[in-house]
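These notes concern the structure reproduced below.
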Amino acid sequence: MKNNFAEINVSFTTQEAIDEAKRCLNCKNPLCMQGCPIEHNIPGFINQLSMGNIGAAMQIINEKSNLPAICGRVCPHEKQCEGHCILNKRNNPVKVGKLERFIADFDSNMNLIKERLKPKTRGKVAVVGSGPAGLTVAGDLAREGFNVMVFEGQKEPGGVLMYGIPEYRLPKDIVRREIKKIEALGVTFVNDFLVGEKMTVDQMLEREFDAVFIGSGTSVPKTLDIPGITLYRVSQSSYFLRMVNLYNNGDISRIAVPLIEGENIAVIGAGNVAMDAARTALRMGAKSVSVIYRGVEEEIPALKTEYNEAVEEGVQFLWQSRTVECIGENNTLKAIRVETPEGEKIIPMDRVFISIGSKPANRIVSTSLGIEVNENGYVITKDYPYGMTTRKGVFAGGDVVHTPQTVVLAMREAKQVAKGIAQYVDAVKLLNS
Ligand code: FAD
């Protein structure tokens, strides 16, 4: 079963990567950079790669990103760099994502770059959560001479990168390798440590930290208000994906994964999480997987590539359809009642996964003073110093501030917040000196 989770997009060979890099036109006004939320110097690193200077290419990437092997794999390139590439007019953009990934993997495999570290004298910062937002803040502040400790509630750092996105799209060893590089910048990781339970933000500020960054994401899944939603075998896609990642990691046994081989599965919702759940269900041996979506095909929120790959793998789609009831027997799911354009249908089903979004938990804000959230639970932040919450010295960024977005948008936000934290800590130290 595990082989089913082998990475599906294979990497370039060195020859292929250099040939691909040579296709870049090195435009005077590079549109690819405009399409990249963190404004990577894409022509710069591609140009170095085209001449075989992989270390120099990596140095350019390091100026903007702490997670290139990850972004190279999971960014929505079709909407960003590659979508903006001038060669996309002929439907053949430079494969920027694959090139970024090639350079980052090559650097890790060959251990090319050793960064010179600044002494950690500027202050001490606690980072809560180790998803893309927390990792970015931690890496950027460590590079700038801050002493950074990351507190993560899970057994391993990485957030959605480790426990959400499936192995076949993002191998967990790649995530671990990127995190090792951040550790090498002098960042300390404390895992299995739920802030709000083991220590509050108030205590962090009282005890040793000059500032705290909250990058705790959105861990509370939204649910449907329909009859039968609490039946056995109706659960969240995010829970299923997490259990499969734990299983693939050898942390839990197969029986703990909520899917039995041969089952018929319905996935409610059609975003990227739904595509991941559907494709993962097939890999875990589901007999059939049907995505139920209230809109038409053209409105599907998932990325086109994700949708196309799901179709290729055999996922079925019920368009303009609404699940109105989960029907059970002995408290166990047996069927779903669905309103379709052809009328109401009762479809026998063994299991349902819900993928209709998620929102922040309140464990941190409810245990510390003065961190205000909006009516949906998202943390409110200011523009100056960038990312500071309504509590002085406490900052936030990533999905816990915005509705769930993407890895690179969480990173973009976090980069700005890291600057805001540095400004704040420097200013406080100056005032107290
Ligand atoms: P997260 O990644 O959610 O990290 C938050 C971290 O905080 C977690 O590790 C959590 O354990 C920790 N935490 C929470 N509370 C506490 C606490 N009290 N104490 C200590 N630690 C705590 N985006 C893309 O760009 N491309 C994709 O292909 C893609 N696929 C996705 C697939 C899935 C299944 C999901 C769920 C999301 C996907 N996304 C994708 C979205 C992307 O992963 C998120 O936007 C991004 O991870 C948000 O980063 P973050 O750091 O804000 O939060």
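Before moving on, here are some points about what is shown:
- Computed from label points 7 Å out along Cα-Cβ, the spacing between Lys334 and Gln15 is 6.2 nm.
- Taking a ≥ b ≥ c as the square roots of the Cα gyration tensor eigenvalues, the stretch 222-358 comes out oblate, since a/c reaches at least 1.5 and a/b does not exceed b/c.
- For Lys382, a cut-off of 24 angstrom between C-alpha atoms picks up these lysines, skipping any fewer than 8 places away in its own chain: Lys64, Lys124, Lys359, Lys392, Lys415, Lys419, Lys429.
- A simple packing score, the average count of other Cβ atoms within 10 Å per residue, orders the peptides 58-71, 112-125, 166-179, 298-311 as 58-71, 166-179, 298-311, 112-125, with the highest score first.
- The length gained on full extension between Asp225 and Asp251, counted as 0.36 nm times the residue separation minus their Cα-Cα distance, comes to 6.1 nm.
- Surface composition of the chain: carbon plus sulfur atoms hold 50% of the accessible area, using a 1.4 angstrom probe and ignoring ligands, DNA and RNA.
- Annotation: amide H of Val127 within the under-5 Å range of Met149, Val150, Phe151, Phe213, sequence separation 5 or more or interchain, hydrogens built in the peptide plane.
- Relative contact order computed over the stretch 324-385 (Cα-Cα under 8 Å; 6+ residues apart), in percent: 18
- Relative packing of 250-256, 229-235, 77-83, which averages over residues the other C-beta atoms within 10 Å, highest first: 77-83, 229-235, 250-256
- Per residue, the chain exposes 46 Å² of accessible surface when a 1.4 Å probe is rolled over the protein heavy atoms with every protein chain present.
- Antiparallel %, DSSP beta bridges [both residues in the stretch 222-358], to 5: 45
- Cα centroid separation, the stretch 166-245 to the stretch 324-347 (Å): 33
- Highest average packing first - 390-397, 49-56, Cβ atoms within 10 Å: 390-397, 49-56
The values are calculated or read from the model by the stated rules, or taken from the named source; none is laboratory data. All of these numbers come straight from a predicted model, not from anything done at the bench. Every residue, glycine among them, receives a Cβ derived from its backbone with ideal geometry; neighbour counts consider all protein chains shown. With ligands, DNA and RNA removed, areas are computed over all heavy atoms of the protein, side chains included. Shrake-Rupley method; radii C 1.70, N 1.55, O 1.52, S 1.80 Å.
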